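Step one of this worksheet: look at the structure below.
What follows draws every value from the coordinates through simple rules; no lab data is involved. Because the structure is predicted, anything quoted here is derived from the model rather than measured. Virtual Cβ from ideal backbone geometry, glycine too; neighbours counted across all protein chains shown.
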Amino acid sequence: MSVFTESRNSEKGFTLIELIVVLVILGLLAAVVVPNITKHLSKSKEQIARIQVKELEGALSMFAFDVGRYPSNAEGLEALVSNPGNVESWKGPYINKALPMDPWGKPYVYRFPSTHGTEFDLFSLGAAGVEGQGEEIGNWK
């Protein structure tokens with residue numbers, strides 16, 4: 001019998017206790033890391049919404065410059081992509097792609113005239129998806 005055969009037979013792998021200890025350590029690490037990741041992910045979505053609101057705000061300003069007014073509530077943000085009727089001075093599209101959805105997958109809300117003291121209201125409902133909960137990300141903040 002050789003030395004190699006003896007050492008190979010004495011290796012039996014991990015014990016159940018060792019596996020449980022490793023799983024507990026991994027669980028503790030996940031409990032610490034996951035909340036931090038979700039917090040940063042939430043902040044990232046808010047930043048993306050702020051950037052998109054600024055981009056749409058600029059496109060609305062260009063529309064108003066060309067047409068002489070902001071889109072009506074009926075025309076909405078769609079007026080940035082296609083001519084809202086027989087508007088001869090419309091020189092769009094004012095955004096290069098389709099209207100973006102907010103980071104939570106919902107459409108941006110546009111209101112004219114404004115209820116917040118700006119020329120128009122443009123906002124995302126935020127993670128809650130419900131207006132009036134204080135999570136709105138808009139052009140007045």
Review point. Once Rg and Dmax of the Cα atoms in Å is worked out from the coordinates, which option in (1) 14.3, 43; (2) 27.7, 96; (3) 14.2, 46 does it equal?
Key: (2)
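Please report SER89, SER114 as a ranked list, fewest other C-beta atoms within 10 angstrom at the top and most at the bottom. Spell out each step's value before the answer.
Working: SER89 11, SER114 15.
The most exposed by this proxy come first: SER89, SER114.
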Point to revise | Ranking of ASP121, ASP102 by count of other Cβ atoms within 10 Å, fewest first | key: ASP121, ASP102
Point to revise | Length-normalised contact order of the stretch 96-136 in % [C-alpha pairs under 8 Å, at least 6 apart] | key: 28
Study note, to complete from the structure: Expected vector for the stretch 15-32, Karplus 3J(HN,Hα) from phi with 6.51, -1.76, 1.60 and θ = phi - 60°, integer Hz, x for Gly and Pro, equals 7, 4, 5, 4, 5, 5, 4, 5, 5, 5, 4, 4, x, 5, 4, 5, 5, 8
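Test of understanding: ordering LYS43, LYS97 by Cβ neighbours within 10 Å, fewest first, what list do you get? Mind dumping the intermediate values first?
Numbers: LYS43 10, LYS97 7.
Taking fewest neighbouring Cβ atoms as first place, the list is LYS97, LYS43.
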Practice item. List, in order, the whole-Hz ³J(HN,Hα) value for each residue of the stretch 98-105 obtained from phi through the Karplus relation with A = 6.51, B = -1.76, C = 1.60 and θ = phi - 60°; use x for Gly and Pro. Key: 5, 4, x, 8, 6, x, 9, x
**Study point:** the chain, relative contact order [Cα under 8 Å, separation at least 6], %
**Key:** 18
Point to revise | Positive minus negative residues near TRP90 (Lys, Arg vs Asp, Glu; Cβ under 13 Å) | key: -2
Practice item. With label points built 7 Å along Cα→Cβ from the Cα atoms of THR15 and LYS91, find their separation and express it in nm. Key: 8.0
